[in-house]
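Read through the structure below, which is laid out as structure tokens, and then see the notes.
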Amino acid sequence: MRYDFRTVEPKWQKRWEEAKVFEAKTGKDKKKYYALVEFPYPSGAGMHVGHIKAYSGLEVLSRKRRMEGYNVLFPIGFDAFGLPTENYAIKTGMHPRAVTDKNIEKFTQQLKRVGFSFDWSRVIDTTDEDYYRWTQWIFLKMFENGLVFRDTALVNYCPSCRVVLSNEDSQGGKCDICHSDVIQKSKTVWYLRITAYAEKLLKGLDEVDYLPNIRQQQINWIGKSQGAFVNFGLTGIDEKLRIYTTRPDTLFGVTFMVIAPEHPILDKYRDRIKNFDQVESYREACARKTEFERTQLVKDKTGVRIDGISAINPVSGKEIPVFIADYVMMGYGTGAIMAVPAHDGRDYDFAKKFGLDIVEVIKGGDISREAYTEDGEMVNSGFLNGLTNKKDSIAKMVAYLEEKGIGEGGVQYKMKDWAFNRQRYWGEPIPIVHCPHCGMVPVPYEELPLRLPKVENFEPGEDGQSPLAKVDSFVNCKCPKCGGDAKRETDTMPQWAGSSWYFLRYCDPHNDKAFADPEKIKYWMPVDWYNGGMEHVTRHLIYSRFWHHFLYDIGEVSTPEPYAKRTYQGLILGSDGEKMSKSRGNVVDPLDIVKDYGADTLRVYVMFMGDYGSAAPWNDSSVKGCRRFLERVFALKDIMTEGPVKELESGIHKAIKKVSSDIEEMKFNTAIACLMTLINDIGKVGKIGKEQLIIFLKLLSPFAPHITEEIYEQIGGEGFLTVSEWPEYDEAKTVDETVAIGVQINGKARASVDIPTGCAKEEAFALAKANEKVASYLAGKTLVKEIYVPNKIINFVVK
RNA sequence: GCGGGUAUGGCGGAAUUGGCAGACGCGCUAGAUUCAGGUUCUAGUGGGGGCAACUUCGUGGAGGUUCAAGUCCUCUUACCCGCACCA
């Protein structure tokens, strides 16, 4: 009889749900295990096979942990605020609330149909008032602690989405949502002072177990650099031009200065700048360029010399020209640099173009041809001359600068403060009131949640204004401090707000007194293992670590780091090897696979298709192979015997060992391959003992829970297999009595000989030499060397 | 430019970390079952040579270390990912 997954799978899903086997219990009697997967954005398209792969890794682990006797928290929820829903609402006229509810319902049905062992009693939805109330609460705590500020500055702005974007959301100069070019626009925006946590976010990486490239990407994103600030005197102006450099030791080689087109000193001293018209038109030309044009396309240097202001090199005393050029960015360092053309490629190009002096201060290169950026002996550098070690010369120069009061050592980070507002409807309202008398006043905690008002029109204003600005009843309010007339902030929080702390809410999702009970946080946190996509490493992962560090600093959570371990899964590509996309028409709908082959087949295939961390293309035929495997598993009960089958003993113990360790190392593909090999062996033997079959079912159960549970019931198993005890192996039984050992002659494999496992050297050599084939190779030769690696190889070197 | 990674049959991928390369699955070939499609079963399947036992070559490329290299070292090529005029 063929296995009828269409009735069996829903049957067990229903029984598990009724028995609440996947509900996490908070209690000290057992060890806890918190496995976290990134909660989905409930898009209208429904689930993608990528979701299946993303969740299957820790799904398998969580099921194993339950069988190992842990209290397991394996939750799921929905990160539902965001632009796609809002845009869909604008297009269809449906309210975002209704769209979200519909999509969540669809996702829930789909996730349940695949049989994921999520704790459905703890589902969260970031757009739920009872949830975003606490997102606002944490925001206010940050406000209270000086981590929230407003500033008018050049910001990343997407003209198509009509929103301000954070640095993280505009990587590569493209909008993260619609992929159109981001422009720089001067706007007043809200910031979270994430840079105040740069050092903690960097140091914290030492305390956690992240896969190396995740760790590295975080380090690069934070982008710490060590250097010095130097204040350059300006001619005729009683103000210093402050710069940041990583190479203060090259100060004697500074022959000009460059400041960013947006540098404030320009407007401040416009009267003194004789060619201000020229400066102004250059600035306008720069402003028109997109970030992409400015940083990616135009690599040849442009700029304008400021006529009327010069700088003084503080170590050489020489007067040097000052330029504005767009290769210097206002957003990094101080927006001004000292140019050392001899030892910096960009400064070199600029100097060549504008015919400026190039002074060598480090020996070793040929500065008539190109900038020399390597180490070498210091020359033309006064008190630094003769030093050959970069570290020494930098230290000596910094000491000099500090002594003379010209500058000081310092650090810079590439990471920028987090632009924390969107001019859109479908997000958490920022709980701040603007009062003409009191300024920015927080909404009192007891008035949270500050609810989104009902509106008819979700279109943002032409001038980048939030749709909420049109709702008078929302905007006009009383100041919580003085009671006078005031106006509410109408921007909402960015998409990443709700996901910055959701893992804490899972610990205690229905609490209406706190975002979670401290005791429960203490029990469950930190997350023991977090798996997600690589694309979130420089966004969500940074943001949520920041929020958690902050909550730790104000005593709300028990550890600084939220995630003890972080891994990622690789993409599933289309069968054409390209990224799945609607336009390519290579998208696989997981529910189609469930319908045709069953959830277990889908689950096994997704885990078997390749290395978990790598991208692998979908292959319809290979899905059938997994289906065949499960059919063969189902047929095992037909050859079941009461007593154990001796020939299978070592194979089963080896499988327990391998499957157990492979799951821990995320080598799911080889774990399944091992079970396939085992079933091939069982087929050859032609029978399997009942207890042995149960072990097999337990090992397969995390991958294919439905079919294994069904077989278990059919052969008279008691209770749920899903929460039965994980099998243990006996090391002694994983070893066979004899081992086939390879025999090489001069490094070439010539024969395979069966010898007793772990047998002594002399005996092994004797047995090998007794082999007819080996003997023929040794005949008439001189044996120079004999190598024996127990249970692995014998190598005879002959002449 | 900087940082990280990958390269193994027709395809996805294994290889106990220096020890018989190609586990496992797909695909393919032949045979059996079937009216047929599908399914299932059996055998085979890295390339070249040979009826065969066997032989030879083989892990992107070139060197090297070693009794032994997919694995270690040096150089090199191609591709992928992230960041990027970061001072």
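For A:Glu763, the accessible surface of its heavy atoms amounts to roughly 90 Å² (probe 1.4 Å, protein chains only, rounded to the nearest 10).
In chain A, helical runs assigned H by DSSP with n ≥ 4 each contribute -39500 (n - 2.57); averaged across all residues and rounded to the nearest 500, the mean residue ellipticity at 222 nm is -10500 deg cm²/dmol.
Note on A:Ser575 and A:Lys733: the extension gain reaches 52.7 nm, defined as 0.36 nm multiplied by sequence separation minus the Cα-Cα distance.
Placing +1 on the Cβ of each Lys and Arg and -1 on the Cβ of each Asp and Glu in chain A, which of A:Asn457, A:Val633, A:Val798 has its Cα farthest towards the positive end of the resulting dipole? Of A:Asn457, A:Val633, A:Val798, it is A:Val798.
When only DSSP loop residues count, what GluC sites (Glu not before Pro) in region A:453-514 have their Cβ near at most 10 other Cβ atoms within 10 Å?
When the GluC sites (Glu not before Pro) of region A:453-514 are filtered for loop state and at most 10 Cβ neighbours within 10 Å, A:Glu456, A:Glu462 remain.
If you plug the beta carbon distance of A:Met440 and A:Glu319 into 1/(1 + (r/R0)^6) with R0 = 41 Å, you get a FRET efficiency near 0.35.
Averaging the Cα positions of each part gives two centres, and for region A:370-404 and region A:1-22 these lie 73 Å apart. Straightening the chain between A:Ala395 and A:Glu462 buys 18.8 nm, computed as 0.36 nm per residue apart minus the Cα-Cα spacing.
Once both axes come from the Cα atoms, what is the angle between helix A:276-288 and the longest principal axis of chain A, in degrees from 0 to 90, rounded to 10? Taking Cα atoms only, the helix is inclined about 20 degrees.
Do any GluC sites (Glu not before Pro) in region A:621-682 lie in a loop, going by DSSP, with at most 15 other beta-carbon atoms within 10 Å of their beta carbon, and if so which?
Passing sites in region A:621-682 are A:Glu642, A:Glu665.
The slack between A:Lys102 and A:Lys637, meaning 0.36 nm per residue of separation minus the straight C-alpha distance, is 188.3 nm. Loop-located GluC sites (Glu not before Pro) in region A:348-408 (DSSP state not H, G, I, E or B) with no more than 11 neighbouring Cβ atoms inside 10 Å: A:Glu374.
When a 1.4 Å probe is rolled over the protein heavy atoms, the share of accessible surface on chain A that falls to carbon and sulfur comes to 49 percent.
Label point of A:Phe149 set 7 angstrom out along Cα-Cβ; within region A:476-498, no amide nitrogen lies under 14 Å from it.
Would you mind pulling out the separation of the Cα centroids of region A:741-799 and region A:53-119, in Å? Cα centroid to Cα centroid, the span is 59 Å. Positive end of the dipole of chain A (Cβ unit charges, origin at the Cα centre): among A:Val743, A:Gly532, A:Asn275, the Cα lying farthest that way belongs to A:Val743. Positive contributions from Lys and Arg (+1) and negative ones from Asp and Glu (-1), summed over other residues with Cβ under 13 Å from the Cβ of A:Pro560, come out at -3. Here region A:505-591 is assigned +1 on the Cβ of each Lys and Arg and -1 on the Cβ of each Asp and Glu. Its dipole about the Cα centre then comes out at about 200 debye. Taking 7 Å steps out from each Cα toward its Cβ at A:Thr26 and A:Asp209 produces label points 2.5 nm apart.
Local charge for A:Pro436 was computed over the other residues whose Cβ lies under 10 Å away, with Lys and Arg +1 and Asp and Glu -1, and equals 0. Compactness of region A:154-258 is given as radius of gyration and Dmax, 18.8, 56 Å, from Cα positions. Taking a ≥ b ≥ c as the square roots of the eigenvalues of the Cα gyration tensor of chain A, is the shape rounded (a/c under 1.5), prolate (a/b larger than b/c) or oblate? Note, shape of chain A comes out oblate.
Accessible surface computed residue by residue for region A:453-558, with neighbouring protein chains in place and a 1.4 Å probe, gives 38 Å² per residue. Net charge dipole, chain A: roughly 1040 debye, given to the nearest 20, about the Cα centre with Cβ charges of +1 for Lys and Arg and -1 for Asp and Glu.
Relative to the longest principal axis of the Cα atoms of chain A, helix A:690-700 runs at roughly 20 degrees. Taking a straight line from the alpha carbon of A:Lys654, these lysines sit under 23 Å away, with near neighbours fewer than eight places off in the same chain left out: A:Lys64, A:Lys637, A:Lys646, A:Lys667, A:Lys684, A:Lys687, A:Lys690, A:Lys698, A:Lys733, A:Lys792. Peptides A:547-558, A:498-509, A:218-229, ordered by how many other C-beta atoms sit within 10 Å of their residues on average, highest first, read A:498-509, A:547-558, A:218-229.
Counting heavy atoms of the protein chains only and a 1.4 Å probe, report the per residue accessible area for region A:169-269 as a whole number of Å².
Details: 4070 Å² over 101 residues.
Normalised by residue count, the accessible surface of region A:169-269 is 40 Å².
A simple spin-label model places pseudo-atoms 7 Å from Cα toward Cβ; at A:Glu725 and A:Met94 they are separated by 5.1 nm. Positive-end ranking of A:Ser660, A:Ile672, A:Tyr197 along the dipole of chain A, with charges on Cβ about the Cα centre, is headed by A:Ile672. Under 17 Å of direct C-alpha separation, and excluding same-chain neighbours fewer than eight residues apart, A:Lys624 reaches these lysines: A:Lys595.
Please give the net charge around A:Leu541, taking every other residue with its beta carbon less than 13 angstrom from that of A:Leu541, where Lys and Arg add +1 and Asp and Glu add -1.
+1
Listed by chain and number, the lysines whose alpha-carbon sits under 30 Å from that of A:Lys478, ignoring those within fewer than 8 places in the same chain, are A:Lys141, A:Lys187, A:Lys454, A:Lys470, A:Lys487, A:Lys513. To the nearest ten degrees, helix A:49-67 and the longest principal axis of the Cα atoms of chain A are 60 degrees apart.
The values are calculated or read from the model by the stated rules, or taken from the named source; none is laboratory data. Being a predicted model, the structure only gives us computed values, none of them experimental. Using ideal geometry, Cβ is built from the backbone for each residue, glycine included, and neighbour counts are taken over all protein chains shown. Surface accessibility is based on the protein's heavy atoms, side chains included, excluding ligands, DNA and RNA. Shrake-Rupley method; radii C 1.70, N 1.55, O 1.52, S 1.80 Å.
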